[in-house]
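Below: one structure, written as structure tokens.
None of the figures in this text is laboratory data; all of them are computed from the coordinates on show. Here the structure is a predicted model, which means the values were calculated and not measured. Note: ideal-geometry Cβ built from the backbone for every residue, glycine included; neighbour counts use all protein chains shown.
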Amino acid sequence: MTLPASSTACAGNNGLDHWSIRELGQQLAKRELTSREIIESSLTAISSRDSRIGAFLHVDGDRALAAAQASDERRAAGQALGPLDGITISIKDAICEVGQPATCGSRMLKGYISPYSATAIERLLAAGAIPLGRANLDEFAMGSSSENSAYQLTHNPWDLDRTPGGSSSGSAASVAARMVPGSLGSDTGGSIRQPASLCGVVGLKPTYGRVSRYGLVAFASSLEQIGPFSLDVYGAAALLQAMAGHDPHDATSVNEPVDDYLSKLDEPLKDLRIGLPQEYFGEGLDSEVRRIVEQAIEVYRSQGATLVPIELPHSKYSVATYYIVAPSEASSNLARFDGIHYGYRSPEFTDLESLYANSRGEAFGPEVKRRIMLGTYALSAGYADKYYVKALQIRRLIRQDFDDAFQKCDLIAGPVTPTPAFKLGELVDDPLAMYLSDIYTIAANLAGIPAISVPAGWTASGLPVGLQLQSPVFTEAKLLRAARMLEITSPWIGRLPPTLS
Amino acid sequence: MNQTSPQSATLPPEEVAKIARLARLKLSSDELTLYSRQIGQILDFMNVLREVDTSGIEPMVSAVPCENIFREDIVIESLPRKTVLANAPRTDGKFFLVPNILG
């Protein structure tokens, strides 16, 4: 396969930074490119662009260059490790890597250095991938816009006045701005898919339990998964391939065989039945988003897919359910930040309790406090049945809706977000309106099913819009092949954000 | 997009203060006022769940089957003390240091 004309045509200097993980891997395999050149190209892109984008909190170029040298030596010796060997990625700053910072976008963890690595990182390193830097996020992955980061705003490369989405804001923006070809994020209620959609890149939330959460700083343990961002579907598949599988360090990681996500990726699925939930196309959906999503669905129909109307009757309860379950888990998980074992300690305290309360009150930002408060309330005596238990019961009904729907269809298609990227500042004072921007993504986390956002088109004003595909548990191979069917008919890799020129 | 409910349900500030105490969060009086309004609105929004009949539905704690996982009772390597203490705000090199707990 030769490079698409669009890639080379856009080439500045050497243009490497516009290439996808598949293209880079092919060039590496042909020895027409070295890993060192990839890292150097990324470092150049970061130094020329990131002052405007704000995707990175920390970049470790020297370490990446050393890893690149090792990768190039392996390849020269005929011992390349696979499709990711020598390829660089950014890492959401909530996924631990030994010796690297992990601020979680919070003042609480300013200066924290991880004492161990996440299993997902260990596996990517073993596959030869090279982490280049730490990507900005909403504090403790709570947010949808980057505005909850204690450190900086991240700007959408397609329009700098707009949000890249969140909480994996820097991950999505670093890929969209062609500073790295891939990234790791985490998705608790849409935190990979929503920014992927708003930034025009591929983002995958795997099945709950498919990728180990060991080393991901915990926010809502029963909902979140680590997952990949990439310019291309192939890159997402390759990153998932490297990370997926059982890990004894995460008791919720599932001991199921890992499918081969790559070998049949380019083969279109036959006899595909695509479910269209009426609830995803109702009130509140922006008309341009609807048009772009419907055009993408038409692409599948023209390739022989059958479109099946389905119902997800409890989907209207998913936001309320999620914003009880997730804050409840957060209030418990974030109890570990006590000003004693790690993180911020207030200089002012009189006893142990005031040390806890002052440290936490001073170091957590408004949204984190709001969710800890909400979760503490939902779990407190007298309210747990009314809120927490009730939400968990409705969670089961939401899962049952999917199980019923997947009797009639192989995949569910719909929008990722109700609108294209909103302006930074637009929703920041209205937490409930911000929560509602997650309306189409949250149910997959509650149900535990995999879901992907794949670029589907652009609005008239040039903002990207993604298509969301959801499928039954452990069917990522099918999900990725389906995403590839759309990608292959509309190669968007050549379309570059205006901020790059 | 749906609009936030216009009626301003609030959670009484003394209730907010009680939750803050339970959560070990020091809040300013401005924060108490803000959260009183915002958490009230959010809880108001949650009331939509009341219309769902959930009698007899088993709560879904996890998306995967939850069962106890056992392993052999053997000693495995853990992080060195120095590494564990490295991120702590105050230590004496051996222990985490905290304020006096007993008078």
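With 20 Å as the limit, write out which pairs from A:Lys110/B:Lys18; A:Lys369/B:Lys26; A:Lys386/B:Lys18; A:Lys270/A:Lys408; A:Lys270/A:Lys478 have Cα-Cα distances beyond it, or answer none. Show your work: numbers first, answer last.
Working: A:Lys110/B:Lys18 29 Å; A:Lys369/B:Lys26 10 Å; A:Lys386/B:Lys18 18 Å; A:Lys270/A:Lys408 16 Å; A:Lys270/A:Lys478 11 Å.
Violating the 20 Å limit, Cα to Cα: A:Lys110/B:Lys18.
Cut-off under 13 Å on the C-alpha distance; same-chain residues fewer than 8 positions from A:Lys205 excluded. Which aspartates and glutamates are left, in chain and number order?
The qualifying aspartates and glutamates are A:Asp187, A:Glu224, A:Glu476.
Pick out, from B:Ser36, B:Ser55, B:Phe96, the residue whose Cα sits farthest towards the positive end of the charge dipole of chain B, with +1 on the Cβ of Lys and Arg and -1 on the Cβ of Asp and Glu.
Ranked along the dipole, the leading option is B:Phe96.
Quick one: if you stick a label point 7 Å off each Cα along the C-beta vector at A:Ala251 and B:Ser62, how many nm between them?
Placing both labels 7 Å beyond Cα along the Cβ direction yields 0.7 nm.
Could you check what % of the DSSP bridge pairs in the protein assembly as shown are antiparallel, to the nearest 5?
On the way: 31 of 46 bridges.
Bridges in the protein assembly as shown that DSSP calls antiparallel: roughly 65 percent.
Using only alpha carbon pairs under 8 Å that are at least six residues apart, calculate the relative contact order of chain A and give it in whole percent.
Working: 1179 pairs, mean separation 89.5, N = 501.
Relative contact order of chain A: 18 percent.
Could you sort out which of A:Lys30/A:Lys264; A:Lys92/A:Lys423; A:Lys92/A:Lys316 sit more than 27 Å apart by Cα distance in this structure? Don't skip to the end; give the middle numbers.
Details: A:Lys30/A:Lys264 22 Å; A:Lys92/A:Lys423 22 Å; A:Lys92/A:Lys316 30 Å.
Beyond 27 Å: A:Lys92/A:Lys316.
How far is the Cα center of region A:153-216 from the Cα center of region A:275-317, in Å?
Each part reduced to its Cα centre gives a spacing of 23 Å.
Below 12 angstrom from the Cβ of A:Val416, what's the summed charge of the other residues (Lys, Arg +1; Asp, Glu -1)? Before the final figure, lay out each step's value.
Working: positive: A:Arg193, A:Lys205; negative: A:Asp187, A:Asp286, A:Asp438.
Local charge sum for A:Val416: -1.
Could you work out the longest stretch of chain B that avoids the GluC sites (Glu not before Pro) located in DSSP loops with at most 14 other Cβ atoms within 10 Å?
It works out to B:1-66.
Any idea which of A:Tyr342, A:Ser501, A:Ala384 is furthest toward the positive side of the dipole for region A:342-501, if Lys and Arg beta-carbons carry +1 and Asp and Glu beta-carbons -1?
Result: A:Ser501, furthest along the dipole toward the positive end.
Compute the label zone of B:Ile101 within region A:339-368: residues whose backbone N is under 15 Å from the point 7 Å along Cα-to-Cβ.
The answer is A:339-341, A:351-356, whose backbone nitrogens lie closer than 15 Å to the label point.
Can you bin the protein assembly as shown into rounded, prolate or oblate? Criterion: square roots of the alpha carbon gyration tensor eigenvalues sorted a ≥ b ≥ c, rounded for a/c under 1.5, prolate for a/b above b/c, oblate for the rest.
Because a/c hits 1.5 or more and a/b fails to exceed b/c, the protein assembly as shown counts as oblate.
Lysines within cross-link reach of B:Lys94: Cα-Cα under 21 Å, excluding same-chain residues under 8 positions apart?
B:Lys82
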